Each structure stands twice: as C-alpha cells, then as structure tokens.
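Chemist: Can you read through this structure? Questions will come right after.
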Amino acid sequence: METDVVKALIEQGLPGAGVEVTGDGRHFEATVISDQFEGKSLLQRHRMVNATVEKQISSDELHALSIKAYTQQQAEEK
C-alpha cells in the first residue's frame, strides 16, 4: 500500500482534514489536523482515524498506523 492511498482514505473519511502520511508500505505514520477532533479525547481521535482505514487494517494490507491527531489550534501551537 502506498502512502498516497492511505492519505486519500483518511481524507475521504475526515473531509477537510489536513493529512500527512509517511511509511514503508506496511507501517505508516499519519499526522491528521482536523477541527472534527475538537472536544474529543486522544482515544476518540485515534478511533476516528482508524475507522477510515479499517478495511485495510482488517485485511492486513496496512499492518500498523501510528497517529498524531490535532485540532487546527493545537497544530498552530506546535
């Protein structure tokens, strides 16, 4: 699986999100910035992102996804 495919899946599942993905074809790291995360716990944010690639994780096409999930405000503060 290519990084651009993972990026597109996350963007489709979280419209309006800013997404950056790096990886080696099976292990990926995603940084996702979305105001949809406002008021959500870290666990809830990770579940939202994981839901966008659930099918690929279930089929082991995507083996591991490390997630950094921020609101726009949090991203600007970093």
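The values are calculated or read from the model by the stated rules, or taken from the named source; none is laboratory data. Quantities reported herein were computed from a predicted structural model and do not represent experimental measurements. Cβ coordinates were reconstructed from backbone atoms using ideal geometry, including for glycine residues, and neighbour counts include every protein chain displayed.
Chemist: Return the only residue of M48, M1 being at pLDDT below 95 and either of a type in the set (V, I, T) or surrounded by 13 or more Cβ atoms within 10 Å (Cβ to Cβ) (or both).
Modeler: Residue meeting the stated conditions: M1.
Chemist: For segment 51-78, give me the residue count where each residue is surrounded by fewer than 17 Cβ atoms within 10 Å (Cβ to Cβ), touching a helix residue (DSSP H, G or I) at 6+ places or on another chain (Cβ under 9 Å) and assigned to a loop (DSSP other than H, G, I, E, B).
Modeler: Within segment 51-78, residues that are surrounded by fewer than 17 Cβ atoms within 10 Å (Cβ to Cβ), touching a helix residue (DSSP H, G or I) at 6+ places or on another chain (Cβ under 9 Å) and assigned to a loop (DSSP other than H, G, I, E, B) number 2.
Chemist: For residues that are under 13 Å from K68 (Cα atoms) and in contact (Cβ under 8 Å) with a residue 40 or more places away in the chain, scanning just segment 9-30, find the one that is nearest to the chain's Cα centre (by Cα).
Modeler: If we take residues in segment 9-30 being under 13 Å from K68 (Cα atoms) and in contact (Cβ under 8 Å) with a residue 40 or more places away in the chain, then I10 is nearest to the chain's Cα centre (by Cα).
Chemist: Mind counting the residues in segment 1-18 that are outside any helix (DSSP H, G or I) and of a type in the set (A, V, I, L, M, F, W, C)?
Modeler: 3
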